[in-house]
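Visitor: My questions all concern the structure below.
The values are calculated or read from the model by the stated rules, or taken from the named source; none is laboratory data. Predicted model, so just to flag it, every value in this text is computed and none were measured. Virtual Cβ from ideal backbone geometry, glycine too; neighbours counted across all protein chains shown. Keep in mind that these areas ignore ligands, DNA and RNA; they rest on the heavy atoms of the full protein, side chains included. Shrake-Rupley method; radii C 1.70, N 1.55, O 1.52, S 1.80 Å.
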Amino acid sequence: MAHVRILILRAAGTNCDLEAQHAWQLAGATAERVHIRRLIEKPHTLDEYQVLTIPGGFSYGDDIAAGRIFAAQIRRHLLDDLRKFIDGGRLVLGICNGFQVLVQTGLLPCRLTDDRPRTCTVTYNDPPGFQDRWIYLRASGDRCVFLEPGRVYEMPIAHGEGRVLFASAADLNAAVYAGQNALVYSEPRNGGPNLHGEPLNPNGSQADIAGLCDETGRVLGLMPHPERFVTWTQHPCWTSQPPRAEGDGLALFRRAVGYFK
Amino acid sequence: MPVFRIEVTPLREPGIPADSPPTLQVLSEAGLAGLNQVVVTRLFFVEGAINREDVEAISEKLLRDPVAESASVHGVGDDLPEAGGGSVAVEVHLRPGVMDPVAESTLAELRQEGYAVEAVRTARRYLLSGRLRDDQVVVTVGRVLANDCIEEVVLGTAGVRPAPRPPEYAFRPRQIALQHLDDAALERLSRDAHLFLSLAELHAIQRYFSDLGREPTDLELETLAQTWSEHCVHKTLKSAVAYRGAALPRGDGRAAADETRRYDNLLQETIVRATAELMAANTGPECLSVFQDNAGVIGFDEQFGIAFKVETHNHPSAIEPYGGAATGIGGVIRDVIGCGLGAKPIASTDVFCVAPSDWPQDRLPKGVLHPWRVLRGVVDGVGDYGNRMGIPTVNGAVYFDPRYLGNPLVFCGSLGLIPRDKVQKAARCGDHIVVIGGRTGRDGIHGATFSSAELSDTHADEFSHAVQIGNALTEKRFLDAILQARDAEGGVLYTGLTDCGAGGLSSAIGEMGEHTGALVDLERVPLKYRGLRYDEIWISEAQERMVVAVPPENLPRFLNIMAAEEVDATVIGTFGTAATSPGVPPRLVVRYAGQVVGELDMQFLHHGWPRGERVAEWRPESPRGGGGVKCAALTSLPQALRRLEGELARPNVASKAWIIRRYDHEVQGGSVIKPLVGPGSGPSDAAVLRPRLDSSRGVAVGCGLAPHLSDVDPYWMAAAAIDEALRNVVCVGGDPRRTAILDNFCWGRTDDARQLGALVRACQACYDVAKAYGLPFISGKDSLNNEFALDEADLEPLVETLRIYGQRGDADGEHLGRHLPAIEGRLRARRRLAIPPTLLISALSLVDDVRQCVTPDLKQPGHCVLLVGVLRPTDFALERAADVHRAVAEAIRAGLVAACHDAADGGWLVALAEMAIAGKRGVMLQAEEPCDADPYGETCATYLVEVNDHQAAARLFERRGVQPRCVATVSNQDTLRCDTVSVGIAALGAAWHGR
């Protein structure tokens, strides 16, 4: 098996690219950071990679809305290449701003067509405002290849626009029914102590959705930051809790690398 | 040219609150009665060779969220929707020339999409429903949702208007006739042109040009004013000072009679001297760069150093809190990017000193923003900018005192990781002068001189052009690009770089070219809009620009990297003037359209300012005694417990979680000790970061300040600030033997002998304590003239309000009450509100292995909690305090400490409660504990230490001459108990969290 290669796609204002690269490397992959302008110049270089990651940050300042301009650029220049990439059995991971970009691009939760308008958005938190805190997440089904079914993960969030919202109850139900609500905000694992306080759902997302996958399970977008919990000392209670060998977030990267082995 | 207006409105179902706190709440709190609902609409004005169909498509594809928003498009002449039945509409538009980041990004994206768009503007529309009066709405929105100095509030609608067109500029060089001006005329010129030059300085300039046989140009005079401003050269701290008054402490605890002392250069002989002596003795961390660059640098590991700089942005934040704080953090980040050959920013800090948030709305002096508005604005400004930069904001403080009403203080710090071989820089003759980043506009003119002036109620009008809105995206872009050019294969592509701070190109190029000279062609500088005069281009502080010195052979590669990261870069001149006039000392030559508009000797520019001798005098005028509750008032610890919830809820103590959570403090992944820790989210003492993800080496960052002690003695105020900064980093596991500190002085007017006397005492304390503790200063900055000139009519209401705060029953109220007579006397005599002399000390400490770090949350029932140190807040023996700090650090290194917390500030009982809240653990206090360690008394060098081996810890402390006392035991209960009195940890948590 050849080495797993990761393309970390960045744009002006992307800022979690280095720690995402570090997380992929810890998981045993090779990760390269590529500016969207370079990829637009040579879209065929996508073929050299198994996973595309769109990391967190404030792409183009999140001006107009979070991820809006980055998504517009992908739609204009790279949409067909990306669809081919996914159809070829490769993986896409969007973290925080990257999740917002994937939803706005129309790759999550479902592919857009001319007669299929967008049914989902990621918008302003309720209660409003940017928040950096930790939360619990549960992998809700077995559709998504990045996640271990049923596992509870701890991770930090840091966003002001992370509320997953569907255009109608029917759209929401369809996504949940299809198991696309890959990650939901949840209680601590096994009735353990809640170290991170209330509310469990920090942003008012419908059905407590923290992350969505597409129908194939190979495209995942999530608001929390797995790359910020790869070593134990990143946990806010590491000085008082029984130590873990590594951070919960790393499992997600490892599983993706394992997918190609 | 067609103009269209696009309104983007949140759909009523589902309703989305976009603002925090919600607009409805903000308006209601501001007294707008009868308000039921607010709908906030975003407006985009798009102008260009486009038609309605284009704009409909733009609206659908780019501006509107198809799930959450609706949009409508209007052209010129279209009927705009009326507010209708019982609603009032108000629009807020930016004034011409104010930075509009959303408009910039939208314009760039539309052009890439292929639309021939000329201009984009944005605005906000508020549709308010309820029983409202139009005039009331305009006034309230104007007061709390808009800022008159950058925005215009329009009742109804401003319609569909084209962007304003600035007039063309016709070049006309101007000279200022100085030679025949008498002193009165010189002073008038200095004031009217906002030069803020003293008479002695004006005389020096007069002489310089008289020797040359010509008059100065406006640009030359402006350049000198900016370069010689207090902000840029720190002339007060560098001046000779004759001090007389109360004797300075001599370290033996004995009070001497009056003394006189002379300093030839106050800064050199105190702060800089301490560092030099420590470095010579090989004490403290490895100092790689001190006081000479934009930031100080100490060694981190074998490959890297850590740069640290803290700046203030007080005056801009007083007038426009959001923009002022955002550009403050943006500026200090640029200082670190521009340190040496470029450091990579890894963390930010912020400290705010503001008046209480519950200040009566009807008691605000004219020209002052409400302190709650100021605090909310500065927090949002730091948050929005820091978050967008991808730099974690990890440490800070908020300090409340009514005397910050007219002059709130905003301190912004930045740390960076820098390769050891890139700490030094020097532009060389022949290098291109390249300006990168933002374009130059008229915003931010007179930044340096403005920040050196005293504020008054007319400043919002006179200096609105000095106030700016930042654009973090521009800065983030060139940060990414500069790091690539720094780490380019084959070596750095430039020889020097610096930030365009206050003073703009004039100070950046002036500084970089001091030893080479420089030749600049101003017409090449990229402008935001036409119509700027050459001198405006030269001195504008317009944000997000840097100047880089690029050797000709590297220019193509350098420009390629900039272009690849979408960064504007333009050659505007060359370093070195030898080619144009061989044999002449370095000069600064500035041209516009080929004609020389300024020519100054670098020597005169940087060293020609006359150093005065100033008189300083200080004597105590208030009764002695630190803050806190006097022990006499308490008969026992159980009784003291009854007061605990109130003390925890005191604004200076209570949780700052609402600020901390607003900042991304974990981006970059290096976070080890966060601002809130433990299962109960209690306060940590300092931040610890692991700047290299592949290493377990860390840095601890903390801060200290004790402005209230200035009322007792500024010497001990400074000593307490240093002590607190060191305590904080020691608490988490920082190494006191490898800790560096930074000073930020914020003072009143130092032409007042008493204020200058206070400064002398604080500087002397800096020397004494830095030496005793082994902490070199590596960088510093000062902000003087923090006084607010009051209107006659505002004096009595202010005095009455101060009295109300002085009567509050908590520790802050008691302190203010005790010193109020002296404060009131000065206020009446001078009719100016001066801040208490304030010194912020920031500390940077190395941590060998972050896995040994400690947090304050109580860990294990049965463990003993030791009270260590407990020195008086004033007149304490510095050597003894140093022993305490070293002993605690040693105990942590020895693995004996389960939890550690700074116990000096609000008294040890408050600190113990914080440890219990953080750990969600109960505590049993030793009831027989005598009250000599006043539980709410302020102290220095005091720690609470939860130890996992009581005997071993006690032995270690005693070996170091420090007598610890076991004051409590961690318990299994959910209470903090003493004898028969107990308080629930949940109740204490609720008081501290403000729930």
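Visitor: Out of everything in region A:57-86 that is charged (D, E, K, R) and more than 10 Å from every other protein chain (Cβ to nearest Cβ), what residue ends up being least open to solvent (accessible area, probe 1.4 Å)?
Guide: The selected residue is A:Asp81.
Visitor: OK, next. Is it fair to say B:Lys771 is open to solvent by 10 Å² or more (accessible area, probe 1.4 Å), in contact with a strand residue (DSSP E or B) (Cβ under 9 Å, 6 or more places away or on another chain) and touching a residue at least 40 places away in the same chain (Cβ under 8 Å)?
Guide: Judged against the criteria, B:Lys771 is not a match.
Visitor: If you don't mind, another one. Looking only at residues that are part of a helix (DSSP H, G or I) and open to solvent by less than 50 Å² (accessible area, probe 1.4 Å) in region B:96-107, which one is farthest from the other protein chains (Cβ to nearest Cβ)?
Guide: Of everything passing the filter in region B:96-107, B:Leu107 is farthest from the other protein chains (Cβ to nearest Cβ).
Visitor: Follow-up. Could you say which residue among B:Val297, B:Val336 is crowded, with 23+ Cβ neighbours inside 10 Å, touching a Lys or Arg at 6+ places or on another chain (Cβ under 7 Å) and touching a residue at least 24 places away in the same chain (Cβ under 8 Å)?
Guide: Just a single option satisfies the conditions, and that option is B:Val336.
Visitor: Follow-up question, since we're still on this one. Restricting the search to region B:839-860, which residues are among the β-branched types (Val, Ile, Thr) and either touching a Lys or Arg at 6+ places or on another chain (Cβ under 8 Å) or farther than 28 Å from B:Gly296 by Cα (or both)?
Guide: Within region B:839-860, B:Val847, B:Val850 qualify.
Visitor: Also, quick follow-up: Are there any strands (runs of 3 or more DSSP E) wholly within region B:356-441 with 2 or more residues that are touching a residue at least 24 places away in the same chain (Cβ under 8 Å) and in contact with a Cys (Cβ under 7 Å, 6 or more places away or on another chain), and if so which?
Guide: Here the list reads B:393-400, B:409-419.
Visitor: Now a separate question. When region B:733-756 is examined, which residues are found to be more than 24 Å from the chain's Cα centre (by Cα) and buried (at least 24 other Cβ atoms within 10 Å of the Cβ)?
Guide: Filtering region B:733-756 down to residues more than 24 Å from the chain's Cα centre (by Cα) leaves B:733, B:735-738, B:751-754.
Across region B:733-756, the qualifying residue is only B:Gly733.
Visitor: Between B:Thr223, B:Thr217, which is touching a helix residue (DSSP H, G or I) at 6+ places or on another chain (Cβ under 9 Å), open to solvent by 10 Å² or more (accessible area, probe 1.4 Å) and not aliphatic (A, V, I, L, M)?
Guide: From the options B:Thr223, B:Thr217, the qualifying one is B:Thr217.
Visitor: OK, next. Conditions: (1) closer than 30 Å to B:Arg52 by Cα; (2) of a type outside the set (S, T, N, Q); (3) modelled with pLDDT under 85. B:Glu168 meets all but one. Number of the miss?
Guide: (1) is the only condition that B:Glu168 fails.
Visitor: Which of the residues belonging to region B:63-107 are hydroxyl-bearing (Ser, Thr, Tyr) and over 28 Å from the mean Cα position of the chain (by Cα)?
Guide: Those that are hydroxyl-bearing (Ser, Thr, Tyr) and over 28 Å from the mean Cα position of the chain (by Cα): B:Ser70, B:Ser72, B:Ser87, B:Thr106.
Visitor: Return the residues of region A:40-56 that are in contact with a His (Cβ under 8 Å, 6 or more places away or on another chain) and either β-branched (Val, Ile, Thr) or buried (at least 21 other Cβ atoms within 10 Å of the Cβ) (or both); say none if nothing qualifies. Lay out the reasoning, then the answer.
Guide: Initial filter on region A:40-56 (in contact with a His (Cβ under 8 Å, 6 or more places away or on another chain)): A:40, A:43, A:56.
Those that are in contact with a His (Cβ under 8 Å, 6 or more places away or on another chain) and either β-branched (Val, Ile, Thr) or buried (at least 21 other Cβ atoms within 10 Å of the Cβ) (or both): A:Ile40, A:Gly56.
Visitor: Residue by residue through region B:114-141, note down the ones that are away from chain A (no Cβ under 14 Å) and on the phi > 0 side of the Ramachandran plot.
Guide: Hit for region B:114-141 is B:Gly130, nothing else.
Visitor: Further question: Considering region B:636-661 alone, what residues qualify as being more than 14 Å from chain A (Cβ to nearest Cβ), within 32 Å of the chain's Cα centre (by Cα) and assigned to a loop (DSSP other than H, G, I, E, B)?
Guide: B:Arg650, B:Pro651, B:Asn652, B:Val653, B:Ala654
Visitor: Do the conditions hold for B:Val153, that is, is it within 12 Å of B:Val46 (Cβ to Cβ) and either more than 14 Å from chain A (Cβ to nearest Cβ) or in a loop (DSSP other than H, G, I, E, B) (or both)?
Guide: no
Visitor: Looking at region A:1-99, what strands (runs of 3 or more DSSP E) fall wholly within it and have at least 1 residues that are more than 28 Å from B:Tyr385 (Cα to Cα) and within 15 Å of the chain's Cα centre (by Cα)?
Guide: Passing ranges, in order: A:5-10, A:51-54, A:91-95.
Visitor: In the list B:Ala185, B:Ala204, B:Ala146, which residue meets the criterion of being under 27 Å from B:Val73 (Cβ atoms), of a type in the set (Gly, Ala, Ser) and open to solvent by less than 80 Å² (accessible area, probe 1.4 Å)?
Guide: Values: B:Ala185 fails: under 27 Å from B:Val73 (Cβ atoms); B:Ala204 fails: under 27 Å from B:Val73 (Cβ atoms).
On inspection, the qualifying residue turns out to be B:Ala146.
Visitor: Further, regarding this structure: What number of residues within region B:851-873 are surrounded by 20 or more Cβ atoms within 10 Å (Cβ to Cβ), under 33 Å from the mean Cα position of the chain (by Cα) and on the phi < 0 side of the Ramachandran plot?
Guide: Total satisfying the criteria: 8.
Visitor: Next question. Does B:Arg111 meet the test of being on the phi < 0 side of the Ramachandran plot, outside any strand (DSSP E or B), open to solvent by 50 Å² or more (accessible area, probe 1.4 Å) and more than 14 Å from chain A (Cβ to nearest Cβ)?
Guide: no
Visitor: Out of the residues in region B:39-61 that are under 14 Å from B:Thr122 (Cα atoms) and in contact with a helix residue (DSSP H, G or I) (Cβ under 7 Å, 6 or more places away or on another chain), state the one that is most open to solvent (accessible area, probe 1.4 Å).
Guide: Among residues in region B:39-61 that are under 14 Å from B:Thr122 (Cα atoms) and in contact with a helix residue (DSSP H, G or I) (Cβ under 7 Å, 6 or more places away or on another chain), the one most open to solvent (accessible area, probe 1.4 Å) is B:Val40.
Visitor: Also: Residues in region B:818-838: is at least one assigned to a loop (DSSP other than H, G, I, E, B), open to solvent by 10 Å² or more (accessible area, probe 1.4 Å), touching a Lys or Arg at 6+ places or on another chain (Cβ under 9 Å) and at pLDDT below 95?
Guide: no
Visitor: Looking only at region B:274-284, count how many residues are open to solvent by 10 Å² or more (accessible area, probe 1.4 Å) and at negative phi.
Guide: Total satisfying the criteria: 6.
Visitor: I want to confirm something. Restricting to region A:106-129 and keeping residues that are part of a loop (DSSP other than H, G, I, E, B) and closer than 21 Å to A:Tyr60 by Cα, which single residue is most open to solvent (accessible area, probe 1.4 Å)? Break it down stepwise before answering.
Guide: So the first thing to find is which residues in region A:106-129 are part of a loop (DSSP other than H, G, I, E, B), and the list is A:106-112, A:114-115, A:117-119, A:124-129.
Adding the requirement that they be closer than 21 Å to A:Tyr60 by Cα leaves A:106-108, A:124-125, A:129.
Numbers: A:Gly106: 1, A:Leu107: 5, A:Leu108: 4, A:Tyr124: 45, A:Asn125: 2, A:Gly129: 19 Å².
The residue in question is A:Tyr124.
Visitor: When region A:97-124 is examined, which residues are found to be more than 8 Å from chain B (Cβ to nearest Cβ) and either among the acidic types (Asp, Glu) or closer than 26 Å to B:Ala657 by Cβ (or both)?
Guide: Selection gives A:Asn97, A:Phe99, A:Gln100, A:Asp114, A:Asp115, A:Val122.
Visitor: Can you name the residue in region B:440-488 that is charged (D, E, K, R) and at pLDDT 95 or above and, of all such residues, is surrounded by the most Cβ atoms within 10 Å (Cβ to Cβ)?
Guide: Among those that are charged (D, E, K, R) and at pLDDT 95 or above, it is B:Glu475.
Visitor: Continuing with the same structure: If B:Glu724 satisfies all but one of (1) touching a residue at least 40 places away in the same chain (Cβ under 8 Å); (2) within 14 Å of chain A (Cβ to nearest Cβ), what's the number of the condition it fails?
Guide: So B:Glu724 meets the others, but not (2).
Visitor: Right, A:Val103: crowded, with 18+ Cβ neighbours inside 10 Å, at pLDDT 95 or above and closer than 28 Å to B:Asp100 by Cα or not?
Guide: It is true that A:Val103 is crowded, with 18+ Cβ neighbours inside 10 Å, at pLDDT 95 or above and closer than 28 Å to B:Asp100 by Cα.
Visitor: Then there is this: Can you confirm whether A:Ala256 is small (Gly, Ala, Ser), closer than 25 Å to B:Gly386 by Cα and at pLDDT 95 or above?
Guide: No; evaluated as a whole, the condition is false for this residue.
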